[in-house]
Structure formats: C-alpha cells, structure tokens
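*Asks:* Would you mind keeping the following structure in view while I ask a few things?
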Amino acid sequence: MISLGIFKPFKKTPTIKNLGVRHYHIYCSLSRLAPGVDNIHLDVRISPQVYSSLKKTTFLLMVKHSGTEFFFKEYKKEFCEAEKDALRRICNDILLDGINKAKTASEVQIDFLAQTALAKLFLEEVKLQYKILVGQIEPLVKMYQLSAKHDQSDIFVIKDKLSEIKLHYNQITRTVGKELFELLADVNTRKLRDMRETHFPSRDILPSFFLTNPLLHVGNPNDDFFLIEEYVLMGQRSEDIDNYKNVKLIMHELLGQIDLTTEDSVNNHADNHERKFQTVEGLFDADHQAFDSLIMEPDNIEKMLDFFDSREQYEKAKKTKETESGIKKLKERKDAQKILLNLFYHQFKAAGLMPQIVANFKMKPVYEKYCPPLSPRQVREFLVNFWKRTSMRTNLKRLKSLYGDQFNFGPLLQTVKEIKDCSAKEKKQYLIMFLRQFSRYYRDFYNFHIIKEAMDSINLVTEEKIILLSRENHSLFEFLLPDEKVKEEKPIANHVIIKADIRGSITINHTMRKMGLNPASYFSLNFFDPISAVLTDYGASKVFIEGDAIILSIFENEDTVEGNYSVARACGLAIRILQIVQSYNEKNKENNLPVLELGIGICYSQDPPTFLFDGDARIMISQAINQADRLSSCDKLLRKIFKSHNDIFNLFVFENEADDVSEAAGEDSTYRYNVNGIELNEDGFNKLINEINLQVFIFPSDTDENIRLYTGKVPLANGNYQRIAVREAPIHKLQPSALDATGKISKKYYEVCTHQDIYDFTDKQY
C-alpha cells in the first residue's frame, strides 16, 4: 500500500466549484418485481422471433469475425447486414413493449427488465454460436482428410484455421458480442430515447454506454491485452504500485484535500434517490460514495484537470475580445484547473507512478511486436525499470534464434529514451489521459456488477409448461412483438374534444364579399383542408364542422397502452393548427387578404361519449363538446381591452366576483381572453401528467408572479415526437361592471403555449 499525505496544507483549499463537475448516478434494480415460479428468479418470456433472428445474426457474425467465410459459401456480407437490420427492428419492438408495460404499471423496473433480459440472451447466444461454429468446422477437417479433392495443403489450412479459432476464443466472442450490443445500444439511443423521455424522469433512463460495457464480453477483466486495448494497463500484483486499488486510493486521498461542492450536488441535494449508490457488495466503501461518484464520471477529469485546453480558450477569447464576464469565467476555470492539475501531478509523481503512466501510451505502437513471449505488462517493465530491462534483455537474447528480427531491441530502447525525454507538460497531459481511462474502467467495473446481478436474477423461460404455470400465477413477464398479441376491438374508455373557433368570422365574411371574393373557399383552403391533412398524425378525427369552427376528437380504448396519449396529442394538434394558420396568414398578408385568428379549447372527459345514428352517419353526444366550446370562446369586452396585447401568452381567465353566481345551477362564471390561445381543462391537465413525463420550470417574469411551466415530449401516431409546454396560472377575480381584476383565487387554468421564446427557454434547461 502506498503512503500518502505528503503535502503541506493549502493556504486556500482547491475547489471544483464552477467547473461543471457532475456526480455519477445510475439505478438499474429489479428489486420491486415479483419473482417467478421458483420464488427466486424473475420469469421472462421473450418472443420466439427474437431467438430465431438472433441465432442467424450471431452465427453470421461469428463467421465474419473468425475469418471463416471461405468455409461457409452461403455467407454474404449483404446477407449479414440484412439479418442485423431485421434483428434491430425486432429488438425495437420488444423494447417498446417493455416501455409500454412499464408505463401501464407505473413501474420503470419493467423497462430495465426488458433491456437486461435481452442483454442476457445476447451473451448466452454468443457463447452458443461459437460452439456451433467450432462444431461445424471440426467435421470439415475429417472430410478434407477423406476427400480426394483436397491435397495436403488444404488440410493444413483448415487445421490451422481451427487452431486459430480455438486460440482466439476471447477475441472472437468479444468482437461479436460488442457488435451485437452496439446494435442494441443503437436501438435504445436512436429509436427509443424519445419514448423513454416521454414517460420516465431522466434518472430512470439507462445511458447508452451501460450496455456497450466492454467488461460484459471478457472472461478476465484484468487481462493485460484487454486493458491496454480498452482502457489503460494496470498492475495485477499487490506489490505493484500502479494496481487498481492503489490508484483508487490516491484518487480518494486527492479528493479528500479538495472542496467537493458542485453545482449539481447543491441543486440535487434534496433528491436522496440520486445521492445513493446502488449496492454492489464488496466494491465500494460507503464512506467514499462522494469520491466514487466523481471518479466514475469520465468527463470530470477534463473538467477538473485540462488546464491546457482552458488556457487555449482563454487566450483565444482575449484575442477575439469576448465579453469581460466570459473572459473572467475562463480565467477562473483555468486557474482552478492549474492548481488541481499540479496537485494531482505531484501526488502521482511522488507515488512513483508517472513512468508507468507515460509508458502506457508510449508503448502502444510497439508492444505487440514482443507479445508473445512477453506480456504487455512485461514490456512496460522493460521500459521503466532498469534492472528488469537488463535481466530481460539477457533472457530474450536466448530466444532471438527462434524469433529472429522480432527481438530487435531498437524500438524498445527508442521508447525508453522517449519516456526519459518526456517534458513535464507532456507528462501532465498523459496523466489526464490515464485518469480519464481509469475513470471509464472504474465506472464500467461498477456497472458490470450491477447488470450481472440483474441478469443472474432472470430466468429466460422457453419451456411451455413453465410459461403456462408462471402465466397462471401472474408472475410471467412477456415481451412480445405486435403481431403476437391478441388483437380485438376494445370499447372506448374516454375521449378528448378539441374545438378551434375562428375569431370575427362574420366580419371576415362581410369584408370578402364586399371585395368580390369567396369566403367559403378562403376558409376551406386556409383552415379546414390543411387541418384535415394532419389529423392522422395525431390519431384524431372530425366530429363535425361549423361555418367558422372545427370540432375534433381523440379516443382511448380500454386495456390499450399504445394509444394512451389522447390529451398530449390533442395539445400537440392544437399547436400544429395554430402553426398552420400562422403560415397561411403570412401569405395572405402579402396578398392583402384577411388573416385568421383562432381560439382553441381542449376538454378531456374520463367517460366515453354517447353515439346516435342518422342513417349511416354517427353523431356524437358529449358534455365535453360544450365545455370545449366555452374554453375556445373570447369575451368581446376583454378582447377590446387586450386589443394592443403583445405578450408571449394568449390566454387569460377571470371569474365573476359576484357572490350570487351559482355554479351548481350550471352557470359558467368565467370570462376569458383567448385569441390564438389554447386552453386545456383541469381534468385534461391531470390526465396529461400521467401520460408523459413533465419537467417543471419557473419562467422568468417582469412581474412578481411566478410563471410555472410544464414541458415534455409527445409521441405522435406517425412515430415522430413533438415538444409541448403548458402554463399553469391562477384565475383572477373580475368585477364585471368595471372589468377590474380584484385578486386571485385558488383555482388554476392551463394554457398550451405556442410562442417560440417559451420553447427556447425550456430547451436551454435540459
């Protein structure tokens, strides 16, 4: 063990505050899910189509990465890529089923389960297909020996290839596994990221690197070749000064000398969920969680130590004459990083690790020439240890007759010289590179144990008897493709009504007729037709059309998951309607034609509508239609008052101050200004909260009133996503005769926002 504590106390404690350093947090537990029939493991059934597609793809990748294409004439590169694409599509549908099931059950661990189950299946299939590959090549040796078509050289070729495959088991399986897991990560990142962000908070979404962990594909995580290829070479013996534990100890002692206050630790102080490590027995000391969470975020290394990059940015900012505040921030960052870098450098130098660290990178161009018979760690010892170098040269000279020019010591000795001549600046840069790679290894080592523990808790069931038993006991988790699910028409459970009402339609009608123009075609081309064209994107349909309004509906059916975004999609559709009208208004202004102003109301009802039929025509009866009509309305007097209104919000709601207004009698006591605004009823907002994951922000205001915004992503029926933002605001009391606002009431109203400044603000918060 290395003894540290060699530094005198700092006059001023080094700090990482304002460096943008983050704590690493991840949570992937299956602890809340009910075990299967054995009362120990979780029973998971994955679609048989996954097994079939994965089997084909994995074998083709085995052929590809083992270099045995010659022996399998049916192998074609384009065929392999086609099978990968098919597997990618199937995995997307399986994981989407997991997301939907997690949303329905309000349990994100079901999503974790689907991902972990696929990962386990992939790893098992890689091992299986390697055995199958070897099992198919071994008979070829006998066939070549018995066949008159093949001479002795052909037999030697196939024997050598078989020996090579067996010798490189680790490399072949690791390469195939990495390619398969990159496919899985690609599905999660490109296809399903938005869907998860729609439903789950960011802390409950696994990062892309979680399943691309190199440690998942290697038998020995301390293998020299593996470490130098994927991370950095570290000592394996307890006496090695650069072993994993000693490097970690140095990092802990260094961080113990630093003020670890960070912006994210302050902002998330109340979030106990994110402050705790997931338990991994024997890996981490509970007293050092704060240290570990910093070390396991690789970007923190550059943020804390990359003084050279910050200095370059600082000098550039001074030359380009950027703002004083910007230059000041760069200087403060540069100065803080310089202190931290010198602290880390001197500590590692005092511990005797700098030669090994520099050698890690200097040896990469040459080490393979000497392996075997040497190991990479022995090559590094040759480079940094004079006495080891002397004895190794003596021993290796004896092998020169066997290996020939392979043991030309020239490249090694040149590397020794380069290490000795390395400047302090270069050493510090290598230290930054080393610590970043160590950070990745530290993080991946931790994640590996988490996912391994999760995979060990899963039983991938394929036996029909076990499937039926587990299903009967309601303990089976099934992740299936859409065509494998029982399809039936489900009754309507609830519905949403959207009413878009044109303001001043009578005036527009009169004006256009005086100009000799056709108002009917104007409304059709600028309003009704373009809106009809986008309804399928939102799963909406027309209820009926009035002369100056359109009423739309979105239904949700019983026991369905995929369509349970009725309110969210209604909000997205309302925004789209206003965008359509605005785009046509720009053209109409150029041609001196009237512009359209709308008022939109969205009303959610938790009950199904009632239908009657006029011949073949279905007519909807719903109280939500009446309420949507009120929400889309605009008081004439308020419109006059707000005539010069130029705000980013387009909806304001007031309540009659009179005490004798009886809501029980069915009278609406509210007044509203709604010009190009969208109002969502309270039941609709409460439904929206359960449909998608909404982030809450406080929008800056010139008044003393806080403006609360809710924003999230909406999955559309066409597969795209749309961001929405909703403003929550208090209803003000209004004196009807004087139209004076006299105070607030506890009741709220909800505006679906359309102004770009709102969305620019929310985008910056992510």
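*Asks:* Which FRET efficiency value, to the nearest 0.05, is calculated for residue 38 and residue 718 with the Förster distance at 35 angstrom and r the Cβ-Cβ distance?
*Replies:* E between residue 38 and residue 718, to the nearest 0.05, is 0.20.
*Asks:* Let me have the relative contact order for the chain, percent, based on Cα pairs under 8 Å that are six or more residues apart.
*Replies:* The normalised contact order for the chain reaches 15 percent.
*Asks:* Taking R0 as 35 Å, what FRET efficiency do you get between residue 335 and residue 27 from their Cβ-Cβ distance, rounded to the nearest 0.05?
*Replies:* Computed FRET efficiency for residue 335 and residue 27 comes out at 0.45.
*Asks:* Could you work out how far apart the two model spin labels at residue 588 and residue 472 are, taking each label as a point 7 Å from the Cα in the direction of the beta carbon, and quote it in nm?
*Replies:* In this crude spin-label approximation the distance works out to 6.7 nm.
*Asks:* Filter 248/417; 248/331; 303/364; 713/764 down to the pairs with a C-alpha to C-alpha distance above 24 Å, please.
*Replies:* 248/417; 248/331; 303/364
*Asks:* First measure r as the distance between the Cβ atoms of residue 260 and residue 315, then evaluate 1/(1 + (r/R0)^6) with R0 = 30 Å and state the FRET efficiency to the nearest 0.05.
*Replies:* The formula returns an efficiency of 0.55 here.
*Asks:* Taking the Cβ of each residue in 523, 209, 386 as the centre, tally the other Cβ atoms inside 10 Å and list the residues starting with the fewest.
*Replies:* Lowest count first: 386, 209, 523.
*Asks:* Follow-up question, since we're still on this one. Any idea how far apart residue 669 and residue 308 come out in nm if each label point goes 7 Å out from Cα toward Cβ?
*Replies:* For residue 669 paired with residue 308, the spin-label model returns 7.2 nm.
*Asks:* Of the cross-linked pairs 245/362; 349/428; 349/425; 362/420; 338/362; 166/452, which ones have a Cα-Cα span greater than 18 Å in the structure shown?
*Replies:* Long pairs (Cα-Cα over 18 Å): 245/362; 338/362; 166/452.
*Asks:* What ranking do 196, 389 get, fewest neighbouring Cβ atoms within 10 angstrom at the top?
*Replies:* 389, 196
*Asks:* Separate question: Helix-only mean residue ellipticity at 222 nm, the chain, DSSP H runs n ≥ 4 weighted -39,500 (n - 2.57), per residue, nearest 500. What is it?
*Replies:* -15500 deg cm²/dmol
*Asks:* Now a separate question. Lysines within cross-link reach of residue 636: Cα-Cα under 21 Å, excluding same-chain residues under 8 positions apart?
*Replies:* 499, 733
*Asks:* Which of the following values of semi-axes √(5λ) of the Cα gyration tensor in Å was calculated from the structure shown: (i) 50, 33, 26; (ii) 61, 37, 24; (iii) 44, 29, 26?
*Replies:* Read-out taken from this structure: (ii).
A short reminder: the numbers here are calculations on the coordinates, not readings from a lab. What you see is a predicted model; the values in this text were computed from it and never measured. Reconstructed Cβ throughout: ideal geometry from the backbone, glycine too, with neighbour counts over all protein chains shown.
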